[in-house]
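Please read the structure below before turning to the comments.
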Amino acid sequence: MKTRITELFKIQYPIVLSGMSWISTPELVAAVSNAGGLGILATGVLTADQTREAVQKIRSLTKKPFGANVTLYFPGAERNAQVLIEEKVPIINYSLGKGDKIAKAAHAYGGKVVATVTTHKHALAAQRDGADALIVTGYEAAGHGGAITSLVLIPAIADALDIPIIAAGGFADGRGLLAALALGADGIAMGTRFMNTKESPAAELAKQASVKSEVYHTVYTPRVDGLPARFMKSEGVERLLKKRLNPFSALIRSKKIADMLEFPWLKLAIGIMLMGPKRSMQMAQMAIGFDAFKLGTIDGDFTKGVLPLGQVSGIIKDTPTVKQVVDSIVKETVAIEKQLSKKVK
Ligand SMILES: Cc1cc2nc3c(=O)[nH]c(=O)nc-3n(C[C@H](O)[C@H](O)[C@H](O)COP(=O)(O)O)c2cc1C
């Protein structure tokens, strides 16, 4: 396959692993890159030293191009971005922040930069800041998708920009890849599909939940981590929806997060307070969501924890290997394109 994304990243297929905290580990990243796609490491819950080790581990597992993401909103993200630049990671993916400095530094060593966005405003800003491509995430997505469905958001943003787009949110098979290409994207990124593969470190219960889930079994709400995001319907989500935010307990949790990321807590607490009341409450909510994410994703506890899950889980019915996922998407895309060309004459 040849699209602007395969050319830009020098990969075989325009299929990307989304950066998912606790899930997009070196092993899963390497499996996707070795299968001909692009694996993206998630660094959101890693310290700077762990980020460096993870990048080196990926290099020991694959010789193919790979990426790593930084969620600029998180404490410690700028420090992790610096590590990715020092390690000359081929593709840096950033979200929820301004990426001009990252783009400048990555371009200096020949790296590429991809911004994850959900609106025109952020897409245009990322293009101005030097991003080489975008991941555009629609409403169907697990986690922080936009308010608009991929079917509408992808062509709308493709019409407004020159740089290539990777469509995310609702993609799991060849039908999806072909549709994304038709909508003006040059590739797809997938979270839910790759979370549910043999190589994924997600809890077996999370993989089984993704198989059992129907398209109706998710909920989109800002009440879990302060930003609108999609999760599997579960007791854990219901509990957080009813919970009133207790700033004191959020403060205690933020200490735990700061310790985990080896980030000075006082600096984090002062930084949060300086953000003003709205962002402070959002960060406090994020501190609560953080624990719940890990419990749901890695421990498979859906009573206390939450599982980010896309609507597309409703059409995912198996737990294959990464290579089987990539190969079957490629095969299906080619077969459907042939059928369509007979229909559309
Ligand atoms: C289990 C799981 C964990 C995720 N964790 C994160 C995360 O930590 N940060 C993030 O930006 N997106 C996260 N996402 C969202 C993905 O990066 C991606 O945007 C989304 O899965 C794409 O939509 P899809 O699920 O329909 O493929 C997660 C998704 C899943 C399924």
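Please give me, ordered by residue number, the trypsin sites (Lys or Arg not before Pro) of the range 11-111 that lie in loop per DSSP and have at most 15 other Cβ atoms within 10 Å.
Working: sites: ARG52, LYS57, ARG59, LYS63, ARG79, LYS88, LYS98, LYS101, LYS104; in loops: LYS63, LYS88, LYS98.
Passing both the DSSP loop test and the Cβ count: LYS63, LYS88, LYS98.
Could you state the number of Å between the C-alpha centres of the range 99-146 and the range 296-312?
27 Å
Rounded to the nearest 10 degrees, what's the angle between the helix 322-343 long axis and the longest principal axis of the chain, both from Cα atoms, 0 to 90?
With rounding to tens, the tilt is 50 degrees.
Seen from all sides and averaged, what is the projected area of the convex hull of the Cα atoms in the chain, in nm²? Numbers along the way, then the final one.
On the way: hull surface 64.6 nm².
Directional mean of the projected Cα hull area for the chain stands at 16.2 nm².
Would you work out what percent of the accessible area of the chain, with all protein chains in place, is carbon or sulfur (probe 1.4 Å)?
That share works out to 59 percent.
Could you work out [θ]222 nm for the chain from helices alone, using -39500 (n - 2.57) per DSSP H run of at least four and dividing by all its residues? Round to the nearest 500 deg cm²/dmol. Please report the intermediate quantities before stating the final value.
Details: 15 runs with 166 residues, N = 345.
Helices in the chain give a 222 nm mean residue ellipticity of -14500 deg cm²/dmol.
With every protein chain left in place, what is the accessible area per residue of the chain in square angstrom, probe 1.4 Å?
Details: 15400 Å² over 345 residues.
Accessible area per residue, the chain: 45 Å².
With a cut-off of 8 Å between alpha carbons and a minimum separation of six or more residues, what is the relative contact order of the chain in percent?
Values: 737 pairs, mean separation 59.9, N = 345.
Result for the chain is 17 percent.
What share of the DSSP beta bridges in the chain is antiparallel, in percent to the nearest 5? Spell out each step's value before the answer.
Values: 6 of 34 bridges.
Roughly 20 percent of the beta bridges in the chain run antiparallel, per DSSP.
In the range 181-243, which GluC sites (Glu not before Pro) fall in coil by DSSP and have 13 or fewer other Cβ atoms within 10 Å? Could the numbers behind the result be given before it?
On the way: sites: GLU199, GLU204, GLU214, GLU235, GLU238; in loops: GLU199, GLU214.
Here the sparse-neighbourhood loop sites are GLU214.
By average Cβ neighbour count within 10 Å, what is the ranking of 309-322, 32-45, 64-77 from highest down? If you can, show how the numbers build up before the last one.
Values: 309-322: 20.8, 32-45: 25.6, 64-77: 23.0.
Answer by packing, highest mean first, reads 32-45, 64-77, 309-322.
Against the longest principal axis of the chain, how steep is helix 247-260, in degrees 0 to 90 to the nearest 10, with axes from Cα atoms?
So the inclination is approximately 60 degrees.
Any chance you could give the angle, 0 to 90 degrees and rounded to 10, that helix 48-61 forms with the longest Cα principal axis of the chain?
Value to nearest ten degrees: 20.
For a test of the definition: using alpha carbon positions, the gyration tensor, and the 1.5 limit on a/c, classify the range 74-215 as rounded, prolate or oblate. Don't skip to the answer; put the middle values down first.
On the way: a/c = 2.02, a/b = 1.28, b/c = 1.58.
Because a/c hits 1.5 or more and a/b fails to exceed b/c, the range 74-215 counts as oblate.
Want the number for ASP318 to LYS345: 0.36 nm per residue separation, take away the alpha-carbon distance, what's left? Mind dumping the intermediate values first?
Numbers: separation 27, 0.36 × 27 = 9.72 nm, distance 3.48 nm.
Length gained, ASP318 through LYS345: 6.2 nm.
The values are calculated or read from the model by the stated rules, or taken from the named source; none is laboratory data. None of these values were measured; they are calculated from a predicted model. Cβ sites come from the backbone with ideal geometry, for glycine too, and all protein chains shown count toward neighbours. Keep in mind that these areas ignore ligands, DNA and RNA; they rest on the heavy atoms of the full protein, side chains included. Shrake-Rupley method; radii C 1.70, N 1.55, O 1.52, S 1.80 Å.
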